[in-house]
Amino acid sequence: MSLLGDLCMYARFSRALPGFLRHTTTLEEARAVVRRRLEGRDDAFLRLLERGIFGYPRSPYLALLRHAGCEFADVREMVRRRGLEKTLAALREAGVYVTFEEFKGRRPIVRGGLELQVRAEDFNNPYLRPHYEARSGGTTGPGTRVPIELDQLAARVHQRVLVYEAHGLLDAPTAIWRGLLPEVTGLSNVLQGARMGNVPRKWYVPATPGRVRQPIRYRLATWHILVLARLLGVALPSPEPLPLDRAAVLARWAVATARKDGRCLIRCSPSAGVRLALAAREEGLDLSGVTIMGGGEPGTPGKVAQMLRAGARWIPNYVMSEAGYIGAGCARPADEGDMHFLKDGLALVQHPRTVPGSSIAVDAFYFTTLLPSAPKIMLNTESDDYGVVEARSCGCPLEACGFTEHFRYVRSFGKLTGHGMTLVGTDLVRVLEEVLPARFGGSPLDYQLAEVEDETGFTRFEILVDPKVPIADEARVADVVLESLAAGPRELYRQAGTIRVRRAPPIWTPRTRLLPLHLTRRGRDP
């Protein structure tokens, strides 16, 4: 975006912020708004379809619909007769969908005789006038620009209020351990906290070694927003740098706050939550009364166990920058990853999807946006995730609000490949986060499986083991990982010498996530 474009965008923000901050979303309002959204999902979809796709000639979805022989009246009739989800499933079968790579602008859309060259920007909501700009996480590649409008944040606050109320956190003292712009999570959490009348008390900014300094335009934008809010009488917290290796600072604040106020909430990634838990245990601190809420990566059993061991409570979230709030932790969960699908803002269908480079198929998620303030228009758009979706009665307050479907075992189908084999990491995650720490010491943050290409071009898997973990026989680490594989792949990898151990700290993403399976770009060593 040009300098002039930035100036215009932040001028719009300056005009809109007073109205955003003046209004406090109450519990009664949140319940009423979500109830109306749930009752009007079909109509919301048709309005967005008519205006955002059929009313926008450059929409990639319009070309897909017409290639499939569908006009607006046809889809409207299908929705009236069959319902929203069955209509979306039928459209998916007819070729009206967008894969994750297409949505990110990395591959053209190809359906039969149709070929469309697309960019990530082609999926932006054409009627949105953004107030600031962020970037998506970029876990599987470069992040993409995501326009953010304050109306969109306000729409998400209704869901947030219900989630907080279900977990008894509506007025809990809160600290944010999330990044600065262009990362969306930090500022969005601060602004949404203000909108619901619970301004976060602390905003810590995590950092990893070698992290690139934030561009000056984003630093200026952040301070402009904070100063403007304070002039309006809302004391948003100033961001304070807090590297991951200084998590004890946050642990001490959390324990002191929980003792004084009876509870507190920390919003951070699951990996950062493990850092917090380990720091608390090293300092002899009990995190009882502290709730850690996070998303952006799976809250795997190994990570959650570390947080629970320190006395904290864990609540998962499922958020996508382009789609908003997708899932929120159940208040009576069946397991550590049990979340309610927040279907007032999205529709979801699943469809078998072969993992590239393998014969493995997963039930991939395809999302469709329903809210007019969504930053991206999504129509059967793949999210690179799969998992179990089930209608189940849990008896928690979120079910009473109408959120009756649950997500479980949500994972990315990003994969590790080598020698013609593909590893989908479900069991490997357990080995890396539970088996290896139990066998050799350390924590889930000390082990990682990285895919690299060696100097000859062969794909290798390196087990990165933090040097601080004392291991006498490093070859046994590779043996334990190999033993977790099925007999065929195990023998192939053993013969090819594909898996090797390297003493190096595991690699954190720029967004301070530690993924147990680290995928590098071809030709790049981590």
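Numbers for the structure displayed
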| quantity | calculated |
| --- | --- |
| Accessible-area composition of the range 244-360, carbon plus sulfur, in percent [1.4 Å probe] | 48 percent |
| Set of aspartates and glutamates near K104 by C-alpha distance (under 15 Å), chain-local residues within fewer than 8 positions excluded | E121, D122, E322, E382, D384, D385 |
| R219-A475 pseudo-label distance in nm [points 7 Å out on the Cα-to-Cβ vector] | 5.1 nm |
| Whether the range 247-299 is rounded, prolate or oblate, judged on the alpha carbon gyration tensor where a/c under 1.5 counts as rounded | oblate |
| Restraint check, K260/K468; K303/K468; K86/K303, Cα-Cα greater than 29 Å | K260/K468; K86/K303 |
| Prolate/oblate/rounded label for the range 79-124 (Cα gyration tensor, a/c 1.5) | prolate |
| Where Y218, Y127, Y409 fall by accessible area, highest first, once all protein chains stay in place (1.4 Å) | Y409, Y127, Y218 |
| Nonlocal amide H pairs with I499, under 5 Å, H built at 1.01 Å | F461 |
| K468-L232 FRET efficiency (beta carbon distance; Förster radius 56 Å; 0.05 resolution) | 0.75 |
| Packing-based ranking, highest mean first, of 43-53, 194-204 given that Cβ atoms within 10 Å are counted | 194-204, 43-53 |
| Built amide H within the under 5 Å cut-off of W203, gap 5+ | I176, E240 |
| Mean accessible surface per residue for the range 145-259, computed with a 1.4 Å probe while every protein chain stays in place, in Å² | 37 Å² |
| Prolate/oblate/rounded label for the range 1-101 (Cα gyration tensor, a/c 1.5) | oblate |
| Eligible aspartates and glutamates near K202 by straight Cα distance, threshold 14 Å, same-chain separation 8 or greater | E240 |
| Of all accessible heavy-atom area on the range 9-109, the percent that carbon and sulfur account for (1.4 Å) | 47 percent |
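The values are calculated or read from the model by the stated rules, or taken from the named source; none is laboratory data. Since the model is a prediction, treat every value here as computed from it, not as a measurement. Cβ atoms come from the backbone with ideal geometry, glycine included; neighbour counts cover every protein chain shown. Heads up: the accessible areas ignore ligands, DNA and RNA and are worked out on the full protein's heavy atoms, side chains in. Shrake-Rupley method; radii C 1.70, N 1.55, O 1.52, S 1.80 Å.
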